Amino acid sequence: MPRYSALRLIREAFNRQSGWTPAWRDAEPKAGYDVVIVGGGGHGLSTAYYLAKLHGVRNVAVIEKGWIGGGNTGRNTTIIRSNYLLPENALFYEHCLKLWETLSLDLNFNVMFSSRGVLNLANSDAQMDAYARRGNAMRLSGIDSELLDRDQVRRMVPHLDFSPSARFPIYGGLLQPRGGTARHDAVAWGYARGASDLGVDIIQNCEVVGLRMGSAHIEGVETTRGFIAADRVGLAVAGRTSQVAAMAGLKLPIESHVLQAFVSEALKPFLDTVVTFGAGHFYISQSDKGGMVFGGDLDFYNSYASRGNMPMVEDVASAGMSLFPSLGPVRLLRSWGGIMDMTMDGSPIIGRTPIENLYINGGWCYGGFKATTGSGWVFAHTLATGEPHPLNAPFSLDRFATGRLIDDKGSGPYPWRH
Amino acid sequence: MLIHCPFCGARDHAEFSYAGDARLKRPAPDAPEAEWLDYAYQRDNPSGPHEELWHHVYGCRRHVAVTRHMSTHEILAARFAGTSGVES
């Protein structure tokens, strides 16, 4: 695969752009593979990439029912951060963030990662105390965090409502300067190109309809394009995790919920960081095209519909208006819904299952995008060695039976509240 | 979504608070741990019809057991939750 470079751009400019080739091979399925990864989103593709690159496992297929990156990878608000309270989460997401920082270089593909900072607003004394605690916990895990007072927040984001009549007066905020955003499509394409280049087969328009079970293990996957044998099978199917796992007779601590997101018409530069509002639930950033990209809570009921309802649209819009009154005249361009596989403790499941050669990567709740890098990195390790990496060992499926839950928010087994 | 509360009639779902899977049955205190695991954490999470509890908070305040299709949001049935449902 020819590398992308400035020199090549210039050469192609004089060559009528005739030298470009497809970024990855659209492969036909072979009879069998060492590893079959179900799901061609960011997580599946990054798993395949790191399997081939770091572990030398190149006889790998990524099977996708639609087109790559067409699921939740393309349906999120692209926020990247590692500002977690609990050490298991903080260390894992910090590893993800470190991979993001060098990803464009690593893939030779511009994923447009931008460390524009993630600012959590505090709207009460209690919230300031909670953020001081979280910021200190992050620092103990070796992660940058800064507690800002009201004036510092005001200098950073002057458009916020600092008037005396503000519905939610701003007390300060917790800033993670290294957090930011990336271009989600580019992440899928970059990983696909990197994996394909190392010999991974990316098989699109191929839906898994069953898992062929042996006595205690899986022999392969039944798909709409025939049976594909596999020594090991990894699931990375986001909102459909419960359904694919059910093909192997597994029942998971997961509920699927719908989360809506929104983008406005393009504005001139308005917001150069990511702002989140924890007193309600709202997060916003500005895309490189100028659109304001924002979202809020789940719709709060189980759903596979990939679309939400009006009450949550109103709720999100009113939260946005209370923070940024000047956004009032801005028109919404698009809204969409994604299916979130919400776990019972709000943390993902990455690791082994009761079935010997079946591995699971799911339960990303509504925080999967930022984990795309590290999720594939630890899942590749797990698939290659058969054992979890220390970074994903706490995220085992059996933690629900053993009681070692990772409930960052402390919400209990109500997945729609995480 | 309009939920047909048996007492109040068709009402916007914003009047209700969601309380999850209606078919869960609380095990006996001395039941095996596997049963408690199933009750507390494991869910069928179907993509078709799902029986679930909605608490009519801004209405009659009764719990309503609603059968709703997960992929279309179509509401197929609604009745008062009996004592067999979970308490929320």
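Net charge within 10 Å of A:THR382 by Cβ-Cβ distance, Lys/Arg positive one each and Asp/Glu negative one each, not counting A:THR382 itself? Don't skip to the answer; put the middle values down first.
Values: positive: A:ARG232, A:ARG352; negative: A:GLU387.
Local charge sum for A:THR382: +1.
Could you report the buried accessible area between B and A, both sides summed, computed with a 1.4 Å probe and given in Å² to the nearest 100?
Working: alone 5800 and 17960 Å², together 21660 Å².
The buried area between B and A, both sides summed, comes to about 2100 Å².
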Exercise. In nm, to one decimal, how far is the modelled label at A:ASP398 from the one at A:GLN17, with both set 7 Å along Cα→Cβ?
Worked result: 5.5
For this session: Below 28 Å Cα-Cα, how many Lys pairs turn up in the protein assembly as shown? Only count pairs eight or more apart in sequence, or on different chains, if you could.
Result: 18
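Take every residue in peptide A:292-304, count the Cβ atoms of other chains within 10 Å of its Cβ, and give the average of those counts.
Per-residue shielding by partner chains comes out at 4.
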Problem set entry | Listed residues A:ALA246, A:ALA52, A:ALA393, most fluctuating in chain A (Gaussian network, C-alpha, under 10 Å) | A:ALA246
For this session: Measure out, as a whole number of angstrom, how far apart the alpha-carbon centroids of region A:41-83 and region A:343-418 sit.
Result: 16
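Around A:THR241, with a cut-off of 11 angstrom between Cβ atoms, what is the net charge of the other residues, counting Lys and Arg +1 and Asp and Glu -1?
Charge balance near A:THR241 sits at -1.
Run the numbers on chain A and let me know its relative contact order in percent, using alpha-carbon pairs under 8 Å that are six or more apart. The partial results should precede the final answer.
Values: 961 pairs, mean separation 92.3, N = 418.
Relative contact order comes out at 22 percent.
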Exercise. By residue number, which cysteines of the protein assembly as shown lack any other Cys whose Cβ falls under 4.7 Å from their Cβ?
Worked result: A:CYS96, A:CYS206, A:CYS365, B:CYS60
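Run the dipole for chain A about the Cα centre, Lys and Arg Cβ at +1, Asp and Glu Cβ at -1, nothing else charged, and hand back the magnitude in debye, nearest 20. Could you put the intermediate results ahead of the total?
Numbers: 39 positive and 38 negative charges, 164 e Å.
Result for chain A is approximately 780 debye, rounded to the nearest 20.
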For this session: Determine, for each peptide in A:353-361, A:372-380, the mean count of other beta carbons within 10 angstrom over its residues, then list the peptides with the highest first.
Result: A:372-380, A:353-361
Exercise. Which of the chymotrypsin sites (Phe, Trp or Tyr not before Pro) across region B:20-88 are loop residues per DSSP, with 16 or fewer other Cβ within 10 Å?
Worked result: B:TYR58
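Please report the relative contact order for region A:294-394, taking Cα pairs under 8 Å with a sequence separation of at least 6, and give it as a percent rounded to a whole number. List each step's numbers first, then the result.
On the way: 95 pairs, mean separation 20.0, N = 101.
This gives 20 percent for region A:294-394.
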Exercise. In Å, the Kirkwood hydrodynamic radius of region A:231-322 over pairs of distinct alpha carbons?
Worked result: 15.5
Problem set entry | Selected from A:ILE63, A:ILE218, A:ILE254 as most flexible by GNM, with chain A as the system and alpha-carbon contacts under 10 Å | A:ILE218
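Counting only protein heavy atoms and a 1.4 Å probe, tell me what percentage of the protein assembly as shown's accessible area is made up of carbon and sulfur.
Values: 11470 of 21660 Å².
So the carbon and sulfur contribution to the accessible surface is 53 percent.
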Exercise. How much mean residue ellipticity at 222 nm does the protein assembly as shown get from its helices, if each DSSP H run of length 4 or more adds -39500 (n - 2.57) and you divide by all residues, to the nearest 500 deg cm²/dmol?
Worked result: -7500 deg cm²/dmol
Exercise. For labels at A:SER411 and B:GLU35 in the simple 7 Å Cα→Cβ model, what's the distance in nm?
Worked result: 3.0
Exercise. If you take the beta carbon distance between B:ALA10 and A:ALA216 as r and set R0 to 51 Å, what does 1/(1 + (r/R0)^6) give as a FRET efficiency, to the nearest 0.05?
Worked result: 0.50
Problem set entry | Values of log10 I(q)/I(0), in the order q = 0.08, 0.09, 0.10 Å⁻¹, for the protein assembly as shown under a Debye, Cα-only, solvent-free model | -0.52, -0.66, -0.82
Exercise. How many nm separate the modelled label positions at A:ASP26 and B:LEU2, each set 7 Å beyond the Cα in the direction of the Cβ?
Worked result: 4.4
Seminar exercise, completed: Output field shielding_mean for A:306-315 (other chain Cβ, 10 Å radius) holds 2
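For peptide B:44-56, how many partner chain Cβ atoms fall within 10 Å of a residue's Cβ, on average? Provide the component values of the computation, followed by the final result.
Numbers: counts 5, 19, 6, 11, 1, 0, 6, 0, 2, 0, 1, 0, 0.
Rounded to a whole number, the mean comes out at 4.
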Exercise. In square angstrom, what is the accessible area per residue of the protein assembly as shown with a 1.4 angstrom probe?
Worked result: 43
Seminar exercise, completed: If every Lys and Arg gets +1 and every Asp and Glu gets -1 at its Cβ, then about the Cα centre chain B yields a dipole, in debye to the nearest 20, of 380
Seminar exercise, completed: Once A:HIS55, B:HIS4, B:HIS55 are ranked on solvent-accessible area with the largest value leading and a 1.4 Å probe, the list reads B:HIS4, A:HIS55, B:HIS55
For this session: Compare A:TYR171, A:TYR93 by solvent-accessible area with a 1.4 Å probe and give them largest first, with all protein chains kept in place.
Result: A:TYR171, A:TYR93
Exercise. Roughly how much of A:LEU391 is accessible, in Å² to the nearest 10, using a 1.4 Å probe?
Worked result: 40
For this session: Normalising by the residue count of chain B, find the relative contact order in percent from Cα pairs under 8 Å and 6+ residues apart.
Result: 32
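The values are calculated or read from the model by the stated rules, or taken from the named source; none is laboratory data. Quantities reported herein were computed from a predicted structural model and do not represent experimental measurements. So basically every Cβ, Gly included, is an ideal-geometry build from the backbone, and we count neighbours across all protein chains shown. Each accessible area value is taken on the protein alone, full model and side chains, heavy atoms only, with ligands, DNA and RNA left out. Shrake-Rupley method; radii C 1.70, N 1.55, O 1.52, S 1.80 Å.
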